[in-house]
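Just so it is clear, none of the values below were taken in a lab; they were calculated from the coordinates. A quick note: this is a predicted structure, and the numbers were derived from the prediction, not measured. So basically every Cβ, Gly included, is an ideal-geometry build from the backbone, and we count neighbours across all protein chains shown.
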There are 2 protein chains.
Amino acid sequence: MSNAPLPPGSTIGILGGGQLGRMLAIAAARLGLKTHIYEPGTNPPAGDVAAAVTTASYDNEAALTRFAAAVDVVTFEFENVPASAAAALAAHAPVRPGYRALEVSQDRAKEKSFVESLSIAVAPWRAVGDPNDLKVALAEIGTPSILKTRRLGYDGKGQVRVTDARQAETAWEAIASAPAVLEGFVDFERELSVIGARGLSGEVVCYEPGENVHRDGILHSTAVPGAISRSVREDAVLLAGKILNALDYVGVMGIELFQTSGGLVVNEIAPRVHNSGHWTIEACVIDQFQQHIRAVAGWPLGDGSRHSDAVMTNLIGAEADDWTELAAECAGLHLYGKAETRPGRKMGHVTRISPRG
Amino acid sequence: MSNAPLPPGSTIGILGGGQLGRMLAIAAARLGLKTHIYEPGTNPPAGDVAAAVTTASYDNEAALTRFAAAVDVVTFEFENVPASAAAALAAHAPVRPGYRALEVSQDRAKEKSFVESLSIAVAPWRAVGDPNDLKVALAEIGTPSILKTRRLGYDGKGQVRVTDARQAETAWEAIASAPAVLEGFVDFERELSVIGARGLSGEVVCYEPGENVHRDGILHSTAVPGAISRSVREDAVLLAGKILNALDYVGVMGIELFQTSGGLVVNEIAPRVHNSGHWTIEACVIDQFQQHIRAVAGWPLGDGSRHSDAVMTNLIGAEADDWTELAAECAGLHLYGKAETRPGRKMGHVTRISPRG
């Protein structure tokens with residue numbers, strides 16, 4: 001497989017057609033690259049800005065094969081693509097980032113073991129396979145703690161908080177007896193994330209870490225630089241480089257962190273562009289979406305510098321109904337073109353920039 | 001016809017599918033609006049980022065009618081749409097900017113008369129309908145001068161320089177005996193342009209004027225703020241407001257100017273987003289493309305402020321073949337996705353920003 005950069009006119013295949021795919025497709029178009037979206041749902045937001053769309057399920061091997069044969073490289077906006085789909089694709093086109101990153105990030109237990117193997121801290125945790133495991137784990141980790149399914153969790157779904165060891169049975173039922181991990185609560189000072197990228201030739205570039213605020217388990221806002229100290233910023237970037245290199249990663253990754261009195265603790269890694277990196281669209285010349293496209297197309301990465309400070313705020317559910325008021329402000333307004341507004345659904349975001357402090 | 005803003009999910013119809021249509025489509029998508037491109041040529045660059053494409057000629061009334069019926073507003077990236085097409089469209093959807101702007105800008109003689117009617121200077125000129133007109137005009141205006149067809153000229157096409165009155169006949173043949181204007185040369189200190197916008201409710205917003213350099217009749221670069229003095233910047237913006245208001249204009253307009261010892265002289269007006277406004281993508285939160293979409297969709301305009309200084313350089317013909325070198329630089333690289341490279345063809349551009357001086 002050649003490491004030569006894909007020339008303009010090449011096609012990037014993207015698994016998943018939501019807002020991340022939409023912003024990736026726009027970034028690819030800026031560089032003269034075409035995109036082809038593969039998405040099980042109809043009328044995906046990314047389809048409006050892509051040269052081609054395949055509507056098929058992630059277990060349709062014939063469709064996956066046709067898709068991979070029609071594109072020059074495959075990437076994804078969504079990490080929970082079945083491993084079988086990734087394998088079917090990899091037989092026909094390079095898949096970037098590769099299988100190892102998917103495998104690790106799809107399973108909370110594997111992810112935590114992997115991060116620990118790099119001597120990077122994660123929250124105290126135990127794998128839980130049955131009610132008895134849960135009881136033992138609760139005894140060891142204590143409460144409050146959170147029971148999370150190992151697979152397919154995002155935006156606070158597939159998790160339940162346990163405040164008392166006697167709730168073990170209810171909690172186990174709440175996650176439908178799925179293989180899980182029990183995580184101890186982390187006493188953090190702030191939440192932050194770092195958006196890192198690694199190119200095909202191994203170079204690593206990070207954006208400045210941002211300070212995140214979550215509400216109801218969903219990202220509410222990211223501020224850059226926020227109140228993050230210089231030494232914490234450096235620690236976050238070094239940690240990101242370690243993770244990217246260990247996975248021989250190609251593309252952009254979002255790493256969510258807790259800042260504690262004892263240092264940084266990894267909360268979660270996402271092998272894709274990340275909501276907490278949306279501020280880069282307005283505040284950087286090369287944003288996280290173009291950076292990801294550059295990486296998977298084998299192009300050199302941008303330097304990740306920002307020209308402005310930024311605060312990104314998500315528009316969740318009905319918050320996007322205020323688009324007329326938001327449009328009256330001279331800010332970076334983004335609406336994702338989703339047909340239906342639902343509570344808790346990410347409908348758009350707005351980024352407000354200010355001169356670098 | 002209601003003046004209410006078009007809600008997200010609405011469709012903007014765009015006549016013309018080149019790079020301007022492509023960047024307009026991207027801007028519309030950011031705001032949750034869909035686009036539908038109407039273009040006679042196959043595989044238009046804008047088609048890769050649009051929800052729908054109609055391939056039909058500008059005199060196909062049935063196709064124009066179907067197109068207008070399928071969209072919520074019609075705009076264009078190309079001002080030389082036949083008046084008959086604009087009329088067919090206007091029967092089914094609002095066309096913004098409207099017929100008057102098209103009529104004036106499609107005909108150099110009408111454009112110059114219109115600008116003069118606002119007490120704004122243009123280069124000395126005469127309408128030329130036959131070889132005898134040309135001889136009289138050459139005697140009055142002198143040489144060197146430029147003979148330009150009244151219609152369908154852009155990027156230096158449809159024009160011929162006359163350095164001696166004895167070349168009248170050759171010049172007339174060179175423009176294929178088309179109705180024309182003879183323009184006197186303007187002794188200018190610099191070329192500049194102002195990108196102005198007018199909203200549906202009449203508000204006018206301008207970006208800071210940029211200093212332009214042309215090579216072989218094609219824009220080579222735009223620098224903002226360039227070496228333009230504060231008073232000239234103010235004059236340019238006032239002049240733009242006058243033109244936009246006089247046309248009851250809706251959308252973005254590019255106005256090319258000469259700065260002379262006697263003040264500003266209008267060279268050309270373009271009733272659309274303009275190459276000399278591409279720098280706004282990297283240097284402003286709301287760029288000229290989003291500004292145009294906001295105007296034609298009846299949304300409030302952004303304030304036109306820039307956070308950075310900028311220099312935009314076009315990539316003409318084979319210059320875009322250097323994409324690997326250009327990609328290695330952390331600059332705003334744009335490639336238009338054109339299938340074929342031709343000498344003189346605009347293939348992309350690059351914008352380099354720096355902190356505001």
Looking only at aspartates and glutamates whose Cα falls under 15 Å of B:LYS112's and that sit 8 or more positions away or on another chain, we get B:GLU103, B:GLU183, B:GLU256, B:GLU268
For B:LYS338, the aspartates and glutamates lying under 17 Å Cα to Cα, once residues fewer than eight places off in the same chain are dropped, come out as B:GLU39, B:ASP48, B:GLU77, B:GLU319, B:ASP321, B:ASP322
Reduced to Cα centres, the span from the range A:230-271 to the range A:281-357 in Å works out to 21
Once amide hydrogens are built 1.01 Å from N within the peptide plane, the residues lying 5 or more places from B:ILE14 or on another chain with amide H under 5 Å from its amide H are B:HIS36, B:ILE37, B:TYR38, B:THR75
One finds, for A:SER231 and A:ALA4 with R0 = 30 angstrom and r their Cβ-Cβ distance, a FRET efficiency to the nearest 0.05 of 0.15
Beyond 21 Å (Cα-Cα) in this structure, taken from A:LYS34/A:LYS346; B:LYS110/B:LYS242; A:LYS34/B:LYS34, we find A:LYS34/A:LYS346
Distances in nm between the label point of B:SER305 (7 Å along Cα→Cβ) and its equivalents in the other copies, shortest first, are 2.3
Here the correct list, in nm and shortest first, of distances from B:SER84 to the same site in the other copies, label points 7 Å along Cα→Cβ, is 5.9
Rounded to the nearest 500, the 222 nm mean residue ellipticity computed for chain B from DSSP H runs (n ≥ 4, each -39500 (n - 2.57)) alone is -8000 deg cm²/dmol
For A:LEU238, inter-copy label-point distances (7 Å, Cα→Cβ), nm, shortest first, read 6.0
Counting all Cα-Cα pairs in the range A:266-357, those more than 24 Å apart amount in percent to 30
Descending packing, highest mean Cβ count within 10 Å first, for B:185-195, A:291-301 is A:291-301, B:185-195
Cα-based Rg/(2.2 N^0.38 Å) for the protein assembly as shown, rounded to two decimals, is 1.05
Per the range B:190-355, sqrt(5λ) over the Cα gyration tensor eigenvalues, sorted largest first, in Å, gives 26, 18, 15
For the range B:124-184, inverting the pair-averaged 1/r of distinct alpha-carbon atoms gives a Kirkwood value in Å of 10.9
Binned at 20 Å starting from 0, the alpha-carbon pair-distance distribution of chain A in whole percents comes out as 30, 60, 11
